[in-house]
Amino acid sequence: MSRLVRRRWHGAGLASFLLVASLGTPGCYTTQMALLKSGLDSLRTQVDGMQVQDAVTARTLEDTRREIAEQRDLLHATRATTSSSARETEETLGRLEGKLDDIMARFRIASERAPARPADPAPTTTPPAGGGTGSPPATTPASNGVDRNQLYEQATTDLTQGRYGLALNGYRQYLQLFPDTDLADNAQYGAGECFFAQAVFDSALVEYARVGARWGTGDRAPASLYKLGLCEERLGRMAESRKTFEDLVKRFPQSGEAQLARDRIGLKR
């Protein structure tokens, strides 16, 4: 009970004492009795009102506490959702980086090939002297008649359109049939892109490492090193990732990937 309520009850007690004291004065009994009764009724009304107000205040306080708890839970859920969205955005950016790298590689290769070399004339068979028949033209049994450029282009189209399983099969078939051609390192890099686009970073790391192991000074070496560092970063191997980026900057300082690596580890040009 609040101090004000106790004070009002104290006043009511004093009024009761005065009422008893007034019993000794017969002439004033009726008027004083009525006044005291009215005062007591007023005090009871005020006390009841204050008790109701205290109950309402208690309910309001409880409702406020509940709302604060709900807002706190909502804030925690929002933070978790934001963190998940950030990871998804980072993975999407990684996939887009891979697609952009491959498109740039295709553009570079197409530029290097222009103008296209005219097709070789069909071989003619000249019978040797004496009327014997000539030997048949040489063929490459390993290719089984597969056009290497068409095979690579189809695998790359599958990659850019999200058909990662088909793209991976195409790149591996290319590497099996044409391991020593000018597009072999691009095919190996494309195999890594198939895994990177699906956030399978451990498998992507293996494929990118093969580019550097076999074509360490080729056109795809800087890009494969950069993607190798990204894979190590995604897998939580921060020390290895930094070492890979530093190696990229040291070996290919003028490449675009080297600048990306500098930005990632905070190195100045």
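See the values below:
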quantity: Residue list for segment 170-197, restricted to those being closer than 13 Å to Asn149 by Cβ and either hydrophobic (A, V, I, L, M, F, W, C) or in a helix (DSSP H, G or I) (or both); calculated: Gly170, Tyr174, Leu177, Phe178, Leu183, Ala184, Asn186, Ala187
quantity: Any hit, segment 183-206, residues being in contact with a Lys or Arg (Cβ under 7 Å, 6 or more places away or on another chain), over 23 Å from Arg234 (Cα atoms) and acidic (Asp, Glu); calculated: yes
quantity: Residue among Ala138, Ala129, Ala142, Ala119 that is part of a helix (DSSP H, G or I), at pLDDT below 55 and farther than 30 Å from Leu260 by Cβ; calculated: Ala142
quantity: Single residue of segment 231-251 satisfying the filter (charged (D, E, K, R) and surrounded by fewer than 15 Cβ atoms within 10 Å (Cβ to Cβ)) that is nearest to Arg264 (Cα to Cα); calculated: Lys243
quantity: Qualifying residue in segment 217-225 (condition: farther than 30 Å from Gly145 by Cα, surrounded by 15 or more Cβ atoms within 10 Å (Cβ to Cβ) and β-branched (Val, Ile, Thr)); calculated: no
quantity: Subset tally (residues that are among the polar types (S, T, N, Q) and under 18 Å from Asp185 (Cα atoms)) for segment 222-269; calculated: 2
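Yes/no matrix, rows are residues, columns are (1) at pLDDT 95 or above; (2) aliphatic (A, V, I, L, M):
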position: Leu175; (1), (2): yes, yes
position: Gln188; (1), (2): yes, no
position: Glu193; (1), (2): yes, no
position: Thr217; (1), (2): no, no
position: Leu225; (1), (2): yes, yes
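The values are calculated or read from the model by the stated rules, or taken from the named source; none is laboratory data. These figures come from a predicted structure and were not determined experimentally. Glycine gets a Cβ as well: all are built from the backbone with ideal geometry, and neighbour counts include every protein chain shown.
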